[in-house]
1. Test each condition in (1) open to solvent by less than 50 Å² (accessible area, probe 1.4 Å); (2) closer than 17 Å to residue 66 by Cβ for residue 98 and report the one that comes out false.
2. Tell me which residues, restricted to the range 136-153, are farther than 14 Å from residue 32 by Cα and open to solvent by less than 60 Å² (accessible area, probe 1.4 Å).
3. Being open to solvent by less than 20 Å² (accessible area, probe 1.4 Å) and farther than 27 Å from residue 671 by Cβ is the filter; apply it to the range 103-126 and report the residue that is farthest from the chain's Cα centre (by Cα).
4. Quick check: is even one residue across the range 75-83 at pLDDT below 95 and under 29 Å from residue 314 (Cα atoms)?
5. Restricting the search to the range 144-171, which residues are charged (D, E, K, R) and either under 22 Å from residue 17 (Cα atoms) or not in a helix (DSSP H, G or I) (or both)?
6. Output the residue which, of all residues in the range 383-405 that are crowded, with 24+ Cβ neighbours inside 10 Å and over 28 Å from residue 642 (Cβ atoms), is nearest to the chain's Cα centre (by Cα).
7. Residue 369: within 17 Å of the chain's Cα centre (by Cα) and not aliphatic (A, V, I, L, M), yes or no?
8. Would you confirm, using the coordinates I've provided, whether residue 37 is at pLDDT 95 or above and either closer than 29 Å to residue 364 by Cβ or open to solvent by 20 Å² or more (accessible area, probe 1.4 Å) (or both)?
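The values are calculated or read from the model by the stated rules, or taken from the named source; none is laboratory data. Nothing here was measured: the structure is a model prediction, and the numbers come from that model. All Cβ positions, glycine included, derive from the backbone under ideal geometry; neighbour counts span all protein chains shown. Only protein heavy atoms, including side chains, enter the accessible area calculation; ligands, DNA and RNA are left aside. Shrake-Rupley method; radii C 1.70, N 1.55, O 1.52, S 1.80 Å.
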Amino acid sequence: MNLAFRLAGAVSDGTPLLPGSLQVNRHLSSWLRMRREGFVEVYSGKVELGQGILTALAQIVADELDVTLDQVRMVRASTAHSPDEAVTSGSLSVQESGLALRHACAETRAIYLREAAAHLGVAAAALSVEGGRITGPGGSTDYWTLANDLLLDREATGAIATKPAAEMRVIGQSIPRDDLPNKVFGVPRFIHDLRLPGMLHGRMLRPPSPAAVLMAVDTTPVEAMPNVQVVRDGSFIGVIAATERAAAQAVDALAKATQWRESAVLPDQEALGPWLKAQRAETTVIGTKTALLPPQIVRTLRAAYTKPFLAHAAIGPSCAVAQWRDGGLEVWSHSQGIFNLRRDLGLALHLPAEVIEVHHVEGSGCYGHNAADDVAFDAARLAQAADGAPVRVQWSRADELGWSPFGPAMRVELEADVDAAGAIVGWRHETWSNGHSTRPGRAKSPGLLGSWHLDTPSERLLAINAPLAAGGGGERNSVPCYDLPAWEVISHRVLEMPLRTSALRALGAFANVFAIESFIDELAALVKADPVHFRLRHLRDERARTVVERVAANARWTDWKRREGTGHGIGFARYKHTSAYCAVIAEVEAEAAIRVRRLCIAVDVGQVINPDGVINQIEGGAIQAASWTIKEALRFDTRHVTSVDWETYPIFRFADVPEVEVDIISRPEMPSMGAGEASLGPTAGAIANAVCDALGLRIRDLPLTPERIMAAME
């Protein structure tokens with residue numbers, strides 16, 4: 001499909017259907033403005049999380065407007081001026097915001113060409129644009145001379161065609177990311193670096209365990225400390241001090257003067273699969289397909305796979321700044337969804353949303369619903385007691401690992417039938433998992449941790465799954481990508497939630513693809529087929545086949561030289577069945593521990609905006625998935641989360657990082673698709689299959705630790 005197209009269709013009231021986020025942010029002026037100083041100011045509701053999105057969006061703008069990149073100013077997202085694009089998640093920023101900006105810029109270009117044509121007295125079709133300068137027979141002008149906000153004070157029509165791929169000059173180029181120089185050279189850029197005049201520092205006293213009930217607290221000794229204030233609202237307890245060190249010392253002293261009653265409510269971490277199956281659940285049939293002819297079944301294979309609870313494990317603990325003034329609240333946060341956060345702050349603090357402003361400031365990495373929104377509420381509530389001074393709150397490492405939302409534990413059970421020719425003729429897939437979202441802004445009650453601890457607490461709601469049409473949650477990527485004559489997929493959303501769960505990168509796709517790709521290898525072994533050939537046999541989609549064939553060629557699959565204790569394996573998926581195609585081949589060594597030596601990856605994201613950005617995203621996702629697959633699991637006893645530091649919650653270190661090769665299959669004529677989460681599931685499947693190849697032993701429970709492997713051997 002060529003990207004130079006006109007939109008067709010309309011909603012029921014006759015309003016034209018607009019692309020991406022333009023549908024809900026229809027005014028052109030909410031996306032961009034020309035400035036007389038010689039640049040275009042661009043607004044996006046998608047936020048920079050370290051994925052380089054603002055650079056990619058600037059490339060789209062530069063090409064559609066025919067300006068240079070240094071004439072594009074990407075404005076940091078804020079509820080004060082940005083379009084509401086909900087949450088930056090799901091690998092959707094290019095698809096939603098990029099598509100919206102592409103069409104908004106195409107229409108803006110046409111508007112300014114008409115204005116220039118009237119100014120120069122020529123036909124608009126006779127004009128051309130380069131570097132913002134508009135030239136035609138007998139004269140020229142530019143965007144900046146014609147700049148007038150009233151020109152864009154109108155709704156988009158969707159009637160202007162965007163540029164074809166052949167005319168793109170900036171899209172497809174590996175433009176250096178705008179956000180990296182400051183990070184590389186240590187220039188203050190993160191929320192943690194933000195300093196405001198008169199700023200105070202806050203710290204929170206968290207309960208010792210999820211079900212703990214506050215029995216007594218003696219605030220007298222802490223309140224006697226100089227320049228320290230205790231803020232208590234029910235079991236929401238925090239301190240404000242002049243310095244960060246004083247705040248940390250005060251909260252440590254307060255913890256010693258506090259009594260809690262604890263309860264044993266957490267499950268057995270070594271038996272999460274049975275625990276998930278034993279709980280109350282909401283069961284949904286995700287989809288079925290019936291064979292046209294009765295299958296001739298000769299073998300049936302069954303297997304169950306599990307994934308533990310996972311922590312976000314952000315390197316920089318969450319941080320926020322808040323200030324009350326002039327009857328309103330201003331918040332600086334690294335939230336993924338600033339408008340959603342504003343809504344829930346309003347609910348929790350009983351404020352109308354219009355008196356709250358939330359400004360995005362980058363944090364040190366974000367892979368889903370972490371504690372960014374929670375710490376924003378903490379800062380806002382503490383700042384109520386600060387007499388108009390801004391209050392900065394930073395969580396501790398123990399807070400971050402122990403109280404951020406967790407990626408849910410999952411159990412996946414698979415069953416497949418094969419016929420005499422070794423083809424899959426039936427497939428059944430069931431998942432058990434808590435819901436994958438308690439994000440703010442989506443429910444009747446705030447999804448903010450601190451609001452549940454107030455004297456009049458907000459209702460704590462169960463995690464939900466997004467509709468499958470929006471990508472799903474626990475059921476994400478549970479429908480097989482392979483062409484099978486019959487299948488059934490069932491999802492069980494577990495309704496007991498002793499640990500708070502929410503969105504973690506790739507959501508249910510990580511566990512589902514790990515299980516599916518492990519099972520496909522088991523089926524290939526059952527019928528004595530090569531794993532690559534077995535996958536190709538069950539794939540008709542040419543784009544899917546191409547990534548599998550390309551990665552096999554790049555990794556020299558057929559030339560693999562086996563050495564004792566080494567193995568290789570493949571994994572494949574199309575993320576959410578609507579986004580990027582990705583195939584991974586892992587090469588591992590299995591000695592005292594599993595060592596991933598090499599990851600060879602092929603990916604198809606449609607039209608590539610910034611190749612280096614795609615490589616960064618695919619590579620980063622693969623490395624994180626390798627860490628999850630080999631090392632990571634939340635640890636807890638019956639009362640407490642016990643993995644609250646890097647010793648008890650190990651993640652990949654630099655020495656663990658494998659060689660990663662990414663091959664992008666460019667399709668400039670196709671729509672762009674997100675890359676950020678495409679490689680996680682295939683990487684887990686590839687590593688698990690490589691470990692089986694190395695050891696001759698199938699491990700179906702993550703992570704693949706030495707202890708788990710030894711137990712399987714015994």
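1. (2)
2. 136, 139, 140, 141, 142, 146
3. 117
4. No, the range 75-83 has no match at all.
5. Passing the criteria: 153, 154, 155, 163, 169.
6. 392
7. Criteria met by residue 369.
8. It is true that residue 37 is at pLDDT 95 or above and either closer than 29 Å to residue 364 by Cβ or open to solvent by 20 Å² or more (accessible area, probe 1.4 Å) (or both).
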